[in-house]
Amino acid sequence: MLNDFFESIYNNSHLEKFSEMANIYQDETDLPVNIWIDTAKEYISGKHAKRIKFQTNAGGNIGGQPTCPMMLNGEIPPKNLKRNKIDTQFISAVRNFVLNNRFALEKAADELIRDSEFKQIMIKSGEIASTEERDELVHKTKMIIKNKLNKNKFSGKDKDNAEAALLERPEIPCD
């Protein structure tokens, strides 16, 4: 019986998809849907771009809800748009959230910041943030990384990536 349980988990592909992603609830982001962020370099093993996933309906429950990926440039792969019926209001809100938080989402995907740290600094809402707010997010993200570097929390390639992140000058679109 226990073997059946583990076999069902192994065969359940939707569970596997989220094993490397952290869920963030609607009430934490002020979005109309729940989202999942990559926090463990899942994009490398999955052979796809850095991305988030978002719930394609407004149900508050996380489990078993249909999802759709969005790349960190705010684009949704065309095949996913065709496959999912998604309210354009959801897409716009999620896209704004992703673009506002892109730098921090990239660093979470590279395991330079944790999902708990991301939640503390993220820009909430599905509205476009000001340039100042987005600059502040970049600054806070870099401070988290710098603090970890000072405490020798990174080694090898992760240390190199962390040091490079501190030198990045991400393009912040004008308001």
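Multiplying the sequence separation of E28 and N84 by 0.36 nm and subtracting their Cα-Cα distance, what value in nm do you get?
Residue separation times 0.36 nm, minus the Cα-Cα distance, leaves 17.7 nm.
Apply the Debye scattering formula to the range 93-134, with a single equal point scatterer on each alpha-carbon and no solvent, then give log10 I(q)/I(0) at q = 0.30, 0.31 Å⁻¹.
The computed values of log10 I(q)/I(0) come out as -1.06, -1.09.
For the range 48-175, state the semi-axes of the equivalent ellipsoid (square roots of 5 times the eigenvalues of the alpha-carbon gyration tensor), sorted largest first and rounded to whole angstrom.
Gyration-tensor ellipsoid for the range 48-175: 28, 17, 13 Å.
Using a cut-off of 20 Å between alpha-carbon atoms, which aspartates and glutamates can reach K85, once sequence neighbours fewer than 8 places away in the same chain are excluded?
E75
Cα to Cα, under 22 Å, and not fewer than 8 places away if on the same chain: which lysines meet these conditions relative to K82?
Straight-line reach from K82, under 22 Å: K17, K47, K50, K53.
Values quoted throughout were computed directly from the atomic coordinates according to the rules given, and no laboratory measurement underlies them. The model shown is predicted, which means the values in this text are computed figures rather than measured ones.
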